Amino acid sequence: LHMAFNFGFTHQPWRPLAFQQTITAWDSAVAPDAWPCYVLSNHDNPRHVTRHGEGPFADERAKVAAALLLTQRGTPFLYMGEEIAMRSPRIARKDLADPYDKRLWPFHKGRDSSRTPMQWDDSPNTGFTTGKSWLPVCPTYKKINVATQRNDPNSVLNFYRSLLRLRRESPGLRRGKFHLLIEKPVTAMLYLRETEEQTMLVALNFFGHGTTTPVPPGEWVRQLSTHPGGPVPAGNLTLAPFEASIFELKK
């Protein structure tokens with residue numbers, strides 16, 4: 001195999017230690033020069049936004065999850081709709097299409113909930129088709145769709161775009177070594193991605209309260225963040241609730 005699909009993230013609770021243990025276990029299981037992969041959602045599992053809670057901070061958690069996925073060593077897989085934080089709706093038995101779901105209903109959580117049509121805009125059938133789609137559209141499509149998020153600078157979609165751009169332009173994020181900074185994280189997860197020419201610091205606050213954590217010495221320049229902020233004070237970094245930030249060490 002050139003690559004094995006890794007479902008590790010899809011089974012974790014929303015805790016930094018759980019994700020960190022998945023990463024370290026995977027890294028220790030593959031050869032040093034092997035190329036891992038990570039995924040948050042796919043067509044056989046409820047979407048990660050729904051798994052981790054669809055409350056008032058669902059989009060904030062989605063951005064933290066995006067930063068986690070797109071700053072790992074290896075290949076990230078993005079599932080259709082993940083970039084706009086699509087949800088997995090409840091689907092009535094009469095509307096199910098998957099034979100597996102039909103057979104095991106109501107004891108199986110179902111796979112069709114992650115297979116609803118892509119939400120392009122707020123028109124009928126979300127702009128996906130002018131006919132009848134194989135599954136009903138998710139009721140959230142009026143607010144959660146590509147057209148709405150495209151022009152919103154703070155949307156999940158534009159955060160994904162910025163993350164992908166930064167990853168593409170950063171040697172450290174593309175192929176750098178992975179180095180953890182907190183052995184047993186409770187609130188925030190911090191790690192470095194390092195090459196000889198670049199060191200990147202990734203700081204992720206998983207919860208809705210601020211936290212302060214030590215960081216390695218040096219001048220850290222904020223390259224991307226869900227929250228505005230100035231320079232990092234020497235030795236300590238304060239993260240806002242649900243903040244996801246990426247810094248570069250100034251040489």
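Below are the figures for this structure:
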| item | result |
| --- | --- |
| Principal axis box of the chain, alpha-carbon based, largest edge first, Å | 59, 41, 31 |
| Candidate lysines for bridging to Lys109, where Cα separation is under 23 Å - those fewer than 8 sequence places away on the same chain excluded | Lys94 |
| Estimated FRET transfer efficiency (Ala97, Thr195; beta-carbon r; R0 45 Å; 0.05) | 0.45 |
| Helix 16-29 vs. the chain, principal-axis angle (Cα, 0 to 90°, nearest 10) | 80 degrees |
| Dipole axis of the range 46-103 (+1 Lys, Arg; -1 Asp, Glu on Cβ), positive-most option in Thr75, Pro89, Gly55 | Pro89 |
| The range 176-220, accessible surface, carbon-and-sulfur percent (1.4 angstrom probe) | 53 percent |
| Share of carbon and sulfur in the accessible heavy-atom surface of the range 102-166 [1.4 Å probe, %] | 55 percent |
| Residue (of Pro214, Leu135, Asn6) at the positive-pole extreme of the chain, dipole from beta-carbon charges | Leu135 |
| Debye log10 I(q)/I(0) for the range 174-251, one point scatterer per Cα, at q = 0.25 Å⁻¹ | -1.31 |
| Solvent-accessible surface ranking, highest first, for His108, His11, His2 at 1.4 angstrom | His2, His11, His108 |
| Separation of alpha-carbon centers, the range 186-238 and the range 111-137, rounded to whole Å | 39 Å |
| GNM flexibility winner over the chain from Lys132, Lys63, Lys184 (Cα, springs under 10 Å) | Lys132 |
| Order by protection proxy (mean Cβ within 10 Å, highest first), peptides 134-142, 221-229, 110-118 | 110-118, 134-142, 221-229 |
| Distance violations [Cα-Cα > 22 Å] among Lys177/Lys251; Lys63/Lys251; Lys184/Lys251; Lys177/Lys250 | Lys63/Lys251; Lys184/Lys251 |
| Accessible area expressed per residue, the chain, with surrounding protein chains retained (probe 1.4 Å, Å²) | 51 Å² |
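The values are calculated or read from the model by the stated rules, or taken from the named source; none is laboratory data. Remember, it's a predicted structure, so these values are computed and weren't measured experimentally. Virtual Cβ from ideal backbone geometry, glycine too; neighbours counted across all protein chains shown. When the accessible area is computed, the model is the full protein with side chains, heavy atoms only, and any ligands, DNA or RNA have been set aside. Shrake-Rupley method; radii C 1.70, N 1.55, O 1.52, S 1.80 Å.
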